[in-house]
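To start, the structure itself, in structure tokens.
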Amino acid sequence: MLSLPKRMLSLYRSYASQLGYFEDPFLKLMSKSKPRKMLPIINRGTWSRVHAYQKMLFAFFALPGAKQIVSFGSGFDTTYFYMKSKFPEVAMKFVEIDFDDIAAKKANIISKNPILATMRKDGGDTYFLIPCDLRDIAKLSEEFKKVKLDPKIPTFIMTECVLVYMEPQQSRDLVKFCGKFFKTAAILNYEMINPHDALGKVMIENVESRGCKLLGLREIDSLEKENQRFIEAGFTKVQGVTMLDFYNNYSDKEEKQRIEKIEIFDEFEEWNMLQSHYCLVLGVKGQLELSL
């Protein structure tokens with residue numbers, strides 16, 4: 001059932017992109033479904049989420065030298081194609097990992113689309129789509145070696161609403177594995193927090209009613225515990241903020257002013273509450289100059 005939130009995320013992004021919240025011409029190539037109309041509060045939240053990852057990736061790509069990107073639970077994400085189009089000269093290796101069925105569906109979509117298939121072919125050994133259960137650390141380690149991920153090359157790890165679906169110890173094991181494997185790395189995690197108040201309980205019920213269990217949320221339920229998970233894994237610099245804090249204080253001011261003009265918006269109280277129930281955590285280790 002975890003394919004459901006991944007498909008929903010694709011629809012959210014396709015519609016927000018169509019309205020002009022952000023640019024990503026590859027979204028419509030990856031999804032066969034027609035974008036579904038979403039409420040302004042959803043579109044603004046989608047922009048904030050996409051903006052957070054794009055901001056950090058652009059900062060990472062601005063650093064000198066070769067790069068590696070690892071995307072856990074990548075679903076139908078188009079980040080590889082988007083970043084390759086923006087930085088064609090950058091030497092990079094982009095590795096996506098997801099369950100067998102999702103990886104197979106994505107590979108099929110890519111192979112049948114001339115633009116995506118050509119970009120993947122022209123990219124040579126820069127893009128890898130790996131079917132693997134993230135709970136199986138032994139297999140994951142083998143897959144890392146197969147695609148020749150280099151522990152010494154600076155690596156950016158993406159976990160977007162992934163760890164929250166794992167048992168707490170399983171997510172800790174995954175993060176610790178990354179902390180041990182890579183000498184210089186950054187990990188950016190986005191997911192829900194604060195499940196115990198009224199809104200948090202409603203959010204959990206809405207997600208789990210679709211058969212998607214938020215296994216990690218009841219234990220790793222606060223920003224402090226999110227930060228601690230990465231500190232314990234060996235990431236020496238950890239920054240964690242709520243998405244409300246990110247939107248108000250860390251997002252690009254000009255971009256924020258631009259997107260706030262796209263739709264009429266009057267759901268400010270609901271927005272503040274909702275965004276306080278999501279967090280963004282950046283963990284960094286080694287000689288890597290990155291911050292929110």
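Applying the selection to the stretch 118-133, what residues are open to solvent by 20 Å² or more (accessible area, probe 1.4 Å), under 25 Å from M56 (Cα atoms) and assigned to a strand (DSSP E or B)?
Matches in the stretch 118-133: F128, L129.
Are any residues in the stretch 237-259 touching a helix residue (DSSP H, G or I) at 6+ places or on another chain (Cβ under 8 Å) and either more than 20 Å from M192 (Cβ to Cβ) or free of Cβ contacts under 8 Å to residues at least 40 places away in the same chain (or both), and if so, which ones?
Correct list: L244, D252, E255, K256, I259.
Give me the pairs, please: first residue somewhere in the stretch 118-147 and at negative phi, second residue anywhere and surrounded by 13 or more Cβ atoms within 10 Å (Cβ to Cβ) and among the basic types (K, R), beta-carbon distance under 6 Å, and either six or more positions apart or on two chains.
Pairs that qualify, where the first residue is at negative phi and the partner is surrounded by 13 or more Cβ atoms within 10 Å (Cβ to Cβ) and among the basic types (K, R), are T126/K93; Y127/R120; C132/K139.
Only one of I69, I110, I41, I115 is modelled with pLDDT of 95 or more and not in a helix (DSSP H, G or I); which?
I69
Given the stretch 186-292, what helices (runs of 4 or more DSSP H) lie entirely inside it while holding 1 or more residues that are open to solvent by 30 Å² or more (accessible area, probe 1.4 Å), out of contact with any Ser or Thr (no Cβ under 6 Å at 6 or more places or on another chain) and farther than 24 Å from V175 by Cβ?
So the answer is 198-208, 243-249, 253-259, 268-275.
Tally up the residues in the stretch 32-60 that are buried (at least 21 other Cβ atoms within 10 Å of the Cβ), more than 17 Å from S74 (Cα to Cα) and among the aliphatic types (A, V, I, L, M), please.
Counting residues in the stretch 32-60 that are buried (at least 21 other Cβ atoms within 10 Å of the Cβ), more than 17 Å from S74 (Cα to Cα) and among the aliphatic types (A, V, I, L, M) gives 0.
Are any of the residues in the stretch 8-18 open to solvent by 60 Å² or more (accessible area, probe 1.4 Å) and either farther than 27 Å from N249 by Cα or aliphatic (A, V, I, L, M) (or both)?
No, the stretch 8-18 contains no residue that is open to solvent by 60 Å² or more (accessible area, probe 1.4 Å) and either farther than 27 Å from N249 by Cα or aliphatic (A, V, I, L, M) (or both).
May I ask you to list the residues in the stretch 134-149 that are open to solvent by less than 100 Å² (accessible area, probe 1.4 Å) and not in a loop (DSSP other than H, G, I, E, B)?
I137, A138, K139, L140, S141, E143, F144, listed by residue number.
When only residues in the stretch 86-104 that are assigned to a helix (DSSP H, G or I) and either among the polar types (S, T, N, Q) or in contact (Cβ under 8 Å) with a residue 60 or more places away in the chain (or both) count, which is least open to solvent (accessible area, probe 1.4 Å)?
Checked the stretch 86-104; the qualifying residue least open to solvent (accessible area, probe 1.4 Å) is I102.
The values are calculated or read from the model by the stated rules, or taken from the named source; none is laboratory data. The shown structure was predicted, so the numbers you read here are calculated from the model rather than taken from an experiment. With ideal geometry, Cβ positions are generated from the backbone for all residues, glycine too; neighbour counts draw on all protein chains shown. These accessible areas exclude ligands, DNA and RNA; they are computed on the full protein's heavy atoms, side chains included. Shrake-Rupley method; radii C 1.70, N 1.55, O 1.52, S 1.80 Å.
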